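Presented below is the structure to which this report refers.
Just so you know, all these numbers are worked out from the coordinates, no wet-lab data involved. Source: prediction; values computed, not measured. No Cβ is skipped: glycine too gets one built from the backbone with ideal geometry, and neighbour counts run over all protein chains shown.
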Amino acid sequence: MQMTDAQRDDWTAREELAERMIPLIGALKREHDVITSLHGHRLLGLSATGIVEVHDRVERLGHAPLVLDDTLAVLEAVHALTPGASSLDVARLAEGHADSGQELSAYLEEVLAPAVGAVAAEPTDVVLYGFGRIGRLLARILIAHTGGGSGLRLRAIVVRRGSENDLVKRASLLLHDSVHGRFAGSVTVDEEAEQIIANGTRIQVIYSDDPGAIDYTAYGIDDAIVVDNTGRWRDEAGLSQHLNSTGVARVLLTAPGKSPLKNIVHGINDGVIDDADRILSAASCTTNAITPVLAAIDEAYGVVKGHVETVHSFTNDQNLIDNFHKGDRRGRSAVLNMVITETGAAKAVAKALPQLEGKLTGSSIRVPTPDVSLAVLHLTIARPATKDQVNDYLRRVSLHSRLRQQIDYVESPEVVSTDFVGSHRAGIVDGLATIADEDTLILYVWYDNEFGYSCQVIRVLETMAGSHPVVLPARRRVTLEG
């Protein structure tokens, strides 16, 4: 379809507005440690075209239309106010200003008051033990967050040497990703120092097969949080091996942890993290996707019982073609078959939401897609519901509540799984698929089981390190009534 002159002129004007935002976004991060986003979509590092696209995307995903002029006005006013370290949702600031009736500067001075004088946290060293799908995505996020020397600092990855040109291959896998696209920036290697250099961040590559025999201080790393992405150890005894290495303070597992480890779903039970916890688990991607939605529904309607069925993309532990596998059915080709398997995600919800203990069952079907999965929540609820009421409630939860980093909401008859690749939220409620009939409620929740989960892991890391910035506008409690 050919673009009309009016459409072309409109695009040119919008692109020009976006170009004017780029230096403001960069200056806020570099000079004040201020992270800007639009309904959870980060603005830092985006091109002018990318900024325009994000404005269009948030509208497609069911949010109120967002005008670029308003975004630019807020960014200019925020930059003039010079707030301290914080995370600002520019879209919500623009909406709040429109509803306030105040002058923009007066409104922002009031809302941003908690950020005045806020100082960024001391840097915390992070080591990625394992560099597979989750490890590389965590690296991408950590590198993107780097700035001003504060917060989380990716210092090293630990892997087993795979070949003579191992370093180059690791760097190439970070640079190129068939699902998530090319790394946004430059990736090179320093073979003599055995380092990967990504956007100026030097990442030491340490070759080891013993988690307890590494002297990280020899690389200038100390009091580090080790993120174990291997899945080889899921209990306290196995993971505590990391603590035997010099320079390690704490450990975070990117898989469900066995009791007595705390399984953390950020937004739900991250408040139980304390300084005495040496080893924590970030639970599973599915548990992170469904627990926030279940928490919101339980608060408003009361969950009596339910069944969770996940339609899950295949994972690296399945075979590409039929071959022996120690697991049931997983030996059959992942790219040619739907494979019924077990999932402990439904039962694991109770580790973060104890009130749902014994109320949920679960099962899973692995399907031939490489990323983005779907959870179907079939719930019996204590208070009757209608589709419109439930959807309105969950939409407001996704916009304003304490769970807005975890829950997104979409109403579009055209969305399919690939539309959610790269989502920063743990789960996205598909409002058009909601079914409500008195005490029966069925919800469809999409989730990027790779990137969305990795964002949740980063949030747990920030909580462990005490580096999560003040979030503004402040989130509020959302109820059925308002």
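Among the trypsin sites (Lys or Arg not before Pro) found in the stretch 431-482, those both in a DSSP coil and sparsely packed, with 12 or fewer other Cβ atoms within 10 Å of their Cβ, are ARG476, ARG477.
When its C-alpha radius of gyration is set against 2.2 N^0.38 Å (N residues), the stretch 334-482 gives a value of 1.11. Kirkwood radius, the chain, all distinct C-alpha pairs, inverse of mean reciprocal distance: 23.6 Å.
Applied to the stretch 378-383, the Karplus parametrisation 6.51 cos²θ - 1.76 cosθ + 1.60 on θ = phi - 60° returns per-residue 3J(HN,Hα) values of 9, 10, 9, 10, 7, 10 Hz, with x for Gly and Pro.
Over all pairs of different C-alpha atoms in the stretch 5-115, the reciprocal of the mean inverse distance, the Kirkwood hydrodynamic radius, equals 14.2 Å.
For the stretch 124-255, calculate the relative contact order in percent as a whole number, restricting contacts to Cα pairs under 8 Å that are 6 or more residues apart. Can you show the working numbers first?
On the way: 237 pairs, mean separation 35.6, N = 132.
It comes to 27 percent, rounded to a whole number.
With the gyration tensor restricted to C-alpha atoms of the stretch 124-255, the semi-axes of the equivalent ellipsoid amount to 22, 16, 15 Å, longest first. Put the Cα centre of the stretch 441-482 next to the Cα centre of the stretch 227-252 and the gap is 25 Å. Once the convex hull of all Cα atoms in the stretch 402-473 is built, its volume per residue stands at 122 Å³. Each 5 Å bin from zero up to the one holding the largest Cα-Cα distance in the stretch 115-192 carries the following percent of pairs: 3, 13, 22, 23, 18, 10, 6, 3, 1, 1, 0.
Taking the Kirkwood radius as Rh and the Cα radius of gyration as Rg, the stretch 283-353 has a ratio of Rg/Rh equal to 1.09.
Past 28 Å, Cα to Cα: identify those pairs from LYS258/LYS305; LYS169/LYS258; LYS29/LYS262; LYS262/LYS305, in the order given. Could you put the intermediate results ahead of the total?
On the way: LYS258/LYS305 24 Å; LYS169/LYS258 33 Å; LYS29/LYS262 33 Å; LYS262/LYS305 24 Å.
Over 28 Å Cα-Cα: LYS169/LYS258; LYS29/LYS262.
With an 8 Å Cα cut-off and a minimum separation of 6 or more residues, compute the relative contact order for the chain in percent.
Values: 983 pairs, mean separation 66.4, N = 482.
About 14 percent, as a whole number.
Averaging Cα coordinates gives a centre for the stretch 386-408 and one for the stretch 138-201; these two points are 36 Å apart. Sorted largest first, the principal axis extents computed over the alpha-carbon atoms of the stretch 219-265 equal 32, 21, 18 Å. Note on the stretch 228-334: the alpha carbon radius of gyration divided by the globular reference 2.2 N^0.38 Å gives 1.33.
Sorting check: for 348-356, 446-454, which peptide has the highest mean count of neighbouring beta carbons within 10 Å, and how do the rest follow?
Numbers: 348-356: 19.8, 446-454: 26.6.
Per-residue mean Cβ counts within 10 Å order the peptides as 446-454, 348-356.
Expressed as a whole percent, how much of the Cα-Cα distance distribution for the stretch 30-185 exceeds 22 Å? Show your work: numbers first, answer last.
Details: 6473 of 12090 pairs.
In whole percent, the long-distance tail amounts to 54.
Applying a DSSP loop filter and a limit of 12 other Cβ atoms within 10 Å to the GluC sites (Glu not before Pro) in the stretch 15-68 leaves nothing.
Add -39500 (n - 2.57) for each DSSP H run of 4 or more in the chain, then divide by its residues: what number comes out at 222 nm, to the nearest 500 deg cm²/dmol?
On the way: 12 runs with 154 residues, N = 482.
Rounded to the nearest 500, the figure is -10000 deg cm²/dmol.
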